[in-house]
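Input: a single structure, listed below in structure tokens.
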Amino acid sequence: MHVSHLLLEEPIRMASILEPSKTSFFPAMTKIVGTLGPKSRSVEVISGCLKVGMSVARFDFSWGDIEFHQETLENLKTAVKSTKKLCAVMLDTVGPELQVINRSESSISLEADGFVVLTPDQEKDASSQLLPINFTGLAKAVKKGDTIFIGQYLFTGSETTSVWLEVDEVKGEDVVCVIKNSATLAGSLFTLHVSQIRIDLPTLTDKDKEVISTWGVRNNIDFLSLSYTRHAEDVRHAREFLSKLGDLHQTQIFAKIENIEGLTHFDEILQEADGIILSRGNLGIDLPPEKVFLFQKAAVYKCNMAGKPAVVTRVVDSMTDNLRPTRAEATDVANAVLDGSDAILLGAETLRGLYPVETISIVGKICSEAEKVFNQDLYFKKTVKYVGEPMTHLESIASSAVRAAIKVKASVIIVFTSSGRAARLIAKYRPTMPVLSVVIPRLKTNQLKWSFTGAFEARQSLIVRGLFPMLADPRHPAESTSSTNESVLKVALDHGKVHGVVKSHDRVVVCQKVGDASVVKIIELED
């Protein structure tokens, strides 16, 4: 499993570039979030996605009803059982998303230099002169000269079906716009984005709350992707809402940064959220194109130092319709990995794309190649320096485990954890080898029945780079003695052997608690 990790500063031998990519049980350390939809909801296709590396399934409620998503989720459960690949579930909220409603679904052609009216009157039919929208406050929010973008992002990922408008005048509740480019809009819904303007709608809408309290509760969602997060207060409000919904108090909240407002309050949002999704689709409209890469690098760095997962979106749009990504897209995926991203999120490419399995496979291969030249040494030094001294007890153990594993060229790090925190801290230091997180279930009671925790914690590590969870047998108590630790370790090593991660004479670094003490030990496997 261990490869000689190059530093990008070193010259890369051309011969190594020509070597074919090797397949392994873990296609890449970087995780892949796949959006399930019309083209990726059969058991067969989902099984294919899981086999090539999808570890989180995203359900986007901007479209489709609860029944549609429930059917898809049942198929996911079947696929998980048959492939024996764990997969987490992410619910993506609609949030204050502005949409153009086209009930007739007939194509709408817009000609450059012409005029079109945006109206909140949804009873009217969409046409080349009139576009009904789902928001009554647009006329109050915009002024002459403001930019409005209408794009069929979710369904196409293509700029040819997107149009730029410039506000010309406001008439009552209607907004008259000049069309800046010719385009044809096709479908029933198009996203509408007003550049750098605050839209006065709640981040968690009533519709979102209804979906979370029904579909979310029924399916014990692992992650909530909070669309259009603009303030830390948005995250706090969502967490308070989840805390009242049974097991969903454990659901992790990923703040989706999609506009200037979210970017302005990024630091306090990061403090409150469990992870960040950089929604480059909308951000690419709110920001000048030349600034998008700067935001990505700064935001990913901040997430890395905070030890919170960073997820990057919109990487291989062209694969929605094509079997290969463009060269620029392939380079973009690699750069996201080199920047330190934990996961790549695929939207239209898997939702309605023609090649969902191939897309996940190719993205995984690019990630894997980029990981081989990730400058771990520099990253490690930067992280240790950022954390500073004195380190907390856990942080010290985690960084020591990674340092030891790299020095002895261990093939894997095995960490015992019940909350998942120790495993995430080890992953924060980006070891070059996989981290096998053995989640020890805890017994809990609500006075009526006993149950084990652990499944949530295991699935939630499926979005963290380099972390691969395994749920231990509940008969092994969390407050372990050395004998139970040894038996759990044997199970973990056997798991690693079966999947080709460890073999005879390999060294393995083990991080565990014995009584009150945390211990890092190095073991060498015999035949």
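A few comments on the model shown:
- Hey, Thr214 in contact (Cβ under 8 Å) with a residue 24 or more places away in the chain and open to solvent by less than 10 Å² (accessible area, probe 1.4 Å) or not: no
- Checked against the criterion of being farther than 22 Å from Gln271 by Cβ, open to solvent by less than 10 Å² (accessible area, probe 1.4 Å) and in contact with a strand residue (DSSP E or B) (Cβ under 7 Å, 6 or more places away or on another chain), the candidates Ile360, Ile397 yield just one match: Ile360.
- From Ser47, Ser104, Ser109, residue being closer than 30 Å to His495 by Cα and of a type outside the set (A, V, I, L, M, F, W, C): Ser47
- Odd one out for Ser104, checked against (1) part of a loop (DSSP other than H, G, I, E, B); (2) more than 26 Å from Trp215 (Cα to Cα); (3) touching a residue at least 24 places away in the same chain (Cβ under 8 Å): (3)
- Failed criterion for Thr251 (all others in (1) buried (at least 18 other Cβ atoms within 10 Å of the Cβ); (2) within 22 Å of Arg198 (Cβ to Cβ) hold): (2)
- Residues (open to solvent by 20 Å² or more (accessible area, probe 1.4 Å), β-branched (Val, Ile, Thr) and modelled with pLDDT of 95 or more) located in the range 53-79: Thr78
- Filtered residue count, the range 280-302, keeping only those that are of a type in the set (A, V, I, L, M) and open to solvent by less than 10 Å² (accessible area, probe 1.4 Å): 3
- Within the range 261-279, restricting attention to residues that are open to solvent by less than 10 Å² (accessible area, probe 1.4 Å) and under 15 Å from the mean Cα position of the chain (by Cα), the residue that is farthest from Arg314 (Cα to Cα) is Ala273.
- Verdict on Ser341 being part of a helix (DSSP H, G or I) and either in contact with an Asp or Glu (Cβ under 6 Å, 6 or more places away or on another chain) or of a type in the set (Gly, Ala, Ser) (or both): no
- Failed condition for Cys303, given (1) part of a helix (DSSP H, G or I); (2) over 17 Å from Lys256 (Cβ atoms); (3) of a type outside the set (Lys, Arg): (2)
- Positions within the range 198-226 being of a type outside the set (Val, Ile, Thr), in a helix (DSSP H, G or I) and out of contact with any Phe, Trp or Tyr (no Cβ under 9 Å at 6 or more places or on another chain), in sequence order: Asp206, Glu210, Gly216, Arg218
The values are calculated or read from the model by the stated rules, or taken from the named source; none is laboratory data. Here the structure is a predicted model, which means the values were calculated and not measured. Cβ coordinates were reconstructed from backbone atoms using ideal geometry, including for glycine residues, and neighbour counts include every protein chain displayed. For accessibility, only protein heavy atoms count, side chains too; no ligands or nucleic acids. Shrake-Rupley method; radii C 1.70, N 1.55, O 1.52, S 1.80 Å.
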